[in-house]
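Read the structure below first, then the notes.
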Amino acid sequence: MDAASITRLFFLAAIWGASFLFMRVSVPAFGPVALIMFRVGIAAAFLWLASRFFKHPLQAGRLWRHFLIIGVLNSALPFILFAYAAQSLPASLLAILNATSPLFGAAVGALWLRTPLTGAVAVGLACGLAGVTVLVGQNLALAGTSEWTAIAAGLLAPLSYSVASIYTKARPGLATPFNNAHGSMWMATLVVLPLFLFAPIRQLPDAGDWAAVSLLGIVCTGAAYLLYFRLIDDVGPTRALSVTFLIPVFGVLWGAVFLDEAIGWHTVLGGALILTGIATTAGLFGPRRQPA
């Protein structure tokens with residue numbers, strides 16, 4: 001991986017890590033549903049402009065069902081779940097919980113695609129589960145059992161991401177990565193719109209709230225997808241996915257710097273166990289095969 005690709009990788013991790021900060025800041029005024037309505041709507045408009053600039057037709061008429069499934073599982077549902085959790089959980093914890101997606105992916109893949117569950121994968125899943133237990137247990141001890149619904153939402157969101165990823169892998173070549181992002185974002189907007197009619201904006205957002213939701217839609221969603229696809233083209237999907245290891249680092253950093261969130265021993269230990277579990281599940285600690 002060259003210096004330019006490494007720079008893009010860190011920049012992408014910083015952007016996605018900041019998404020939890022922006023949700024935490026703007027959700028009190030917007031509410032979870034209204035916040036995500038604006039997030040996916042702004043992102044869809046941004047990606048539409050990008051598709052016009054790059055002359056990338058969407059083919060929505062032929063693939064709308066495919067885009068609908070991805071839009072629900074990869075955007076609408078997990079975004080709303082994280083926004084709901086952001087009402088009470090710190091941004092740093094949300095970023096770490098988000099990192100469990102590859103662990104859920106390994107478990108879902110074993111059940112859905114009959115992918116063999118090797119010893120390394122089993123150890124990785126156990127390590128990740130231990131990390132989640134440390135984080136969740138300590139958070140409940142500090143805040144009380146009233147936070148269990150928010151924590152459940154924060155864990156269901158990465159589970160939804162993993163199901164969307166497995167679904168997409170099971171249908172290779174059906175649509176380009178850019179069209180998957182573009183089409184699914186429009187479908188996510190259509191899905192969230194009826195909910196928005198019953199859960200409108202809670203209070204009049206100020207300039208900071210609008211700035212946060214605009215950055216969430218344009219930078220953390222629309223632009224981040226374009227940057228991610230550029231990384232896939234440059235270094236391949238496996239290396240591009242290494243961004244998963246960096247997002248919690250930036251999520252914890254932004255939470256501490258901008259929201260004065262404390263970084264306790266449970267955050268460090270739980271996050272380290274989860275990242276170790278992801279690395280073990282991905283086979284990064286195993287022997288490298290020599291090319292034939």
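Only the coordinates and a few stated rules stand behind these numbers; no lab work does. Everything numeric in this text was worked out from a predicted model, so none of it was measured. Virtual Cβ from ideal backbone geometry, glycine too; neighbours counted across all protein chains shown.
Phi-derived couplings, Karplus 6.51 cos²θ - 1.76 cosθ + 1.60 at θ = phi - 60°, listed residue by residue for the stretch 248-258: x, 4, 6, x, 5, 4, 5, x, 6, 6, 9 Hz, with x used for Gly and Pro. Close amide H contacts of Thr115 (hydrogens built in the peptide plane, cut-off under 5 Å, sequence separation of 5 or more or a different chain): Ala110. Among Tyr84, Tyr167, sorting on how many other beta-carbon atoms sit within 10 Å of each Cβ, with the fewest leading, yields Tyr167, Tyr84.
Taken about its Cα centre, the chain carries a charge dipole of about 980 debye when Lys and Arg each add +1 at the Cβ and Asp and Glu each add -1 at the Cβ. Each label was represented as a point 7 Å from its Cα along the Cα-to-Cβ direction; for Leu226 and Ser214 these points are 1.7 nm apart.
Beyond 32 Å, the tail of the calculated P(r) for the chain holds 23 percent of the Cα pairs.
Ordering Val192, Gly17, Gly31 by Cα displacement along the dipole of the chain toward the positive end leaves Val192 in first place; charges were set at the Cβ atoms of Lys, Arg (+1) and Asp, Glu (-1).
Evaluating 6.51 cos²θ - 1.76 cosθ + 1.60 at θ = phi - 60° for every residue in the stretch 27-34, the Karplus couplings come out as 5, x, 7, 7, x, x, 5, 4 Hz, glycine and proline recorded as x. As a rough footprinting exposure proxy, the listed residues Lys55, Lys169 were ranked by other beta carbons within 10 Å of their own, and the order from fewest upward is Lys55, Lys169.
The string of couplings for the stretch 269-277 from the Karplus curve (6.51, -1.76, 1.60, θ = phi - 60°) is 5, x, x, 5, 5, 5, 5, 5, x Hz, one whole number per residue in order, with x for Gly and Pro.
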